1. From 301, 275, 294, which residue is open to solvent by 10 Å² or more (accessible area, probe 1.4 Å), assigned by the TED database to the domain that holds residue 356 and free of Cβ contacts under 8 Å to residues at least 24 places away in the same chain?
2. (1) open to solvent by 70 Å² or more (accessible area, probe 1.4 Å); (2) assigned to a helix (DSSP H, G or I); (3) of a type outside the set (Val, Ile, Thr): which one isn't true of residue 146, the others all being true?
3. Can residue 285 be described as free of Cβ contacts under 8 Å to residues at least 12 places away in the same chain and part of a loop (DSSP other than H, G, I, E, B)?
4. Of the numbered conditions (1) over 30 Å from residue 91 (Cα atoms); (2) part of a loop (DSSP other than H, G, I, E, B), residue 202 satisfies every one except a single condition; which is it?
5. Please count how many residues of segment 321-332 are buried (at least 24 other Cβ atoms within 10 Å of the Cβ) and either among the aliphatic types (A, V, I, L, M) or farther than 16 Å from residue 292 by Cβ (or both).
6. Could you tell me which numbered condition residue 88 fails, if it satisfies all but one of (1) touching a strand residue (DSSP E or B) at 6+ places or on another chain (Cβ under 8 Å); (2) open to solvent by 60 Å² or more (accessible area, probe 1.4 Å)?
7. Contact list please: Cβ distance under 7 Å, first residue in segment 77-91 and closer than 15 Å to residue 51 by Cα and touching a residue at least 24 places away in the same chain (Cβ under 8 Å), second residue open to solvent by 30 Å² or more (accessible area, probe 1.4 Å) and not in a loop (DSSP other than H, G, I, E, B), pairs at least six apart or on different chains.
8. Before we move on, is residue 339 touching a residue at least 24 places away in the same chain (Cβ under 8 Å) and either part of a helix (DSSP H, G or I) or in the same structural domain as residue 506 (by the TED database) (or both)?
Amino acid sequence: MGFCFWVCFISLLNFYSLSFVSSQADASAEGTVFIDGKAPIGRIDDDFICATLDWWPPEKCDYGTCSWGLAGLLNLDLNKNLFLNAVKAFSPLKIRLGGTLQDKVIYDTDDNQLPCTSFVKNTSEMFGFTQGCLPMNRWDDLNSFFQKAGAKVIFGLNALAGRTIASDGSAVGAWNYTNAESFMQYTVDKNYTIHGWELGNELCGSGVGTQVSADQYAADTAALQSIVQKIYQNVDLKPLIITPGGFYDSDWFTEYIDKTNKSLDVVTHHIYNLGPGVDDHLVGKILDPSVLEGVSGTFSGLHNIIKNSTTSAAAWVGEAGGAYNSGHNLVTNAFVFSFWYLDQLGMASKYDTKTYCRQSLVGGNYGLLNTTNFEPNPDYYSALLWHRLMGRNVLSTSFTGTDKIRSYTHCAKQSKGITLLLINLNNSTTVQAKLAFNSTMSLRHKHRSQISHHKHRIHKTTIIKLPQGIDGKIRREEYHLTAKDGNLQSQSMLLNGNILSVNSSGIIPHLEPLHVKSAKPIMVAPLSIVFTHMPDVTVPACKVQP
C-alpha cells in the first residue's frame, strides 16, 4: 500500500506538525514546524517586492570605499538591456526613488529660480553634500524607462523645503510645498503614473541629521494630501500618500498615526538592524537566529499601533539594506545575505507588512544588481523566487526543536496550494521535512487514467491513507538555493545545483524547479534555502480572498 503523506495530530496544541526526522549518522535535525491552515495571519500586496534607487553621486564614500559609482538617479545608465530585463522580470517591480539626499533635492520646474546643479561633496553641509537638482529632461528619461520596464514608482519628496534648523538640531517650520506641487503638476501633465508620493526621509523620531516633530509632520502630511487631491482631481488613478520613511520610534509613530488617520495611506519605516557596514562580524550576525528575530519587535510594535488606531494606513518597509552606510562588499551583495533578506521578507509578512523595499536595486554594496555591469547578485534571484511563489495570504508557522531553522508559509501565488520557505542556518546539519496541517485540508490527485478527479478531505485525523499508486502521481516543486563552491561570500548562486547567470543577450535565466514525489521528505542541506511549492495541498486559509 502506498502512503503519500502522514499527519500527526497533537491534541494539546490542536495542531498537526511538519516533522523533521533525524538520525545521528546523517547529522539530521530533530524538530517540528507547526502550520496553522485555518485562517491567514497577514496579507501582503501582490507586488510585495520593492527595491530602491538612490540619489547618491559617485563621491559618496563610506569607510574609505566609494561603492555607488554611476548608480545614482542623476547618472544611472538607463539604456542597458540587462537593467531593463531585470526590472521587467517582476512585472511589476515597485521602485522607491529616495534616500538621504532626497531632502536636499530641488526640481527644475518653471517655478524654480535657483541654478539646476548636481550634488557637490561638502563635509560642512548636512548629509555631506550641497543641494542638488533634478532636471526635467532627466525626469522624462527616468519615466520612459519605468514605463518600458512596467515599474510602479514611489517618489520621495523633499520634506525639508522651507524649514530652518534650530540650535538643538531639529527642523522647525512648516513644509514649503511650492516646488513639490509644481513638480507633481509637471508629472501629471506628462501623464506619468506615480504609484505613491512619499514625504521625507528619516526625519521621524530622533531623525538622521535632523528631525521633525510628529505634530508638524502630521500637518505637512495633510498638506500633501490636499495638493495631491487638487492636482489629481481629473486623474482616475490616484497616488498613495506615503510617510514618514524613517526609523521606528513607538511614541513618535503613535502620535503621528493618531493625527493622520484621514490623510495617510501608507506608513513606512526603515530597517538596518545589522549595524554599520564596516562591521567585520556581519556574517556571524546574519547566521544568528537571535539577531534575525531581534527586529520582530519593530514589526509587531508598528503592527499593534496601526491595529489599535482608527487609521486605514498600511505598513510598508520603505527601505532596508540591513547594514547601514552602503553595506559591506562580499557580504550584503553575496549569497549569505539571502539568509537575512528572505528571513526579513517572511517576518515582515507575518506582521501584515504590505510591501518591502530593498536598499537597493542598484548602488552601494547591497544592490540586487551589480553596480557596474547590472549582473544580478544572489538576492535578486531570491527576490524573484519570492515574488513568483509566495502569495498574498500568510499562514502561521512556528518551529520547535532547533533555532537554526527559519520557516515561513504562504498560500501559493497564482496557483493552487501552498509555498513553504525553509532557511537552514546550520553549517553541518541536513534537515528532512514532512508536511502536515492542523485543520481541514484537501489533497488533490488524479487516477492513472488522468480522467477521474478525487479529493481526500481530512478532518483532524491522525493519518492520511491514499489509494495505492497515488503517491507516485502527486508531485511538489522544490527550489534549492546554495552558494557556489559552498562559499557563503560568493556572488554566484546555485538553483538546484545549477549556477544562475544571464546570457550574452542579457536575458534573465528561467528559474526551474525540481519535481519531487510528495511522499519524500524535504531535504534542506546545511546553509541552504528551499522554496517548496505544493500545488496539491489546499487549506481553508487559502480560500480567503485578500
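1. Within the list 301, 275, 294, the selection yields 294.
2. Of everything listed in (1) open to solvent by 70 Å² or more (accessible area, probe 1.4 Å); (2) assigned to a helix (DSSP H, G or I); (3) of a type outside the set (Val, Ile, Thr), residue 146 misses just condition (1).
3. No.
4. (1) is the only condition that residue 202 fails.
5. Qualifying residue count for the region: 5.
6. The single condition residue 88 does not satisfy is (1).
7. So the pair list comes out as 84/148.
8. Criteria met by residue 339.
The values are calculated or read from the model by the stated rules, or taken from the named source; none is laboratory data. Predicted model, so just to flag it, every value in this text is computed and none were measured. All Cβ positions, even for glycine, are placed from backbone atoms using ideal geometry, and neighbour counts span all protein chains on display. Just so you know, the surface numbers come from the protein's heavy atoms only, side chains and all, with ligands and any DNA or RNA stripped out. Shrake-Rupley method; radii C 1.70, N 1.55, O 1.52, S 1.80 Å.
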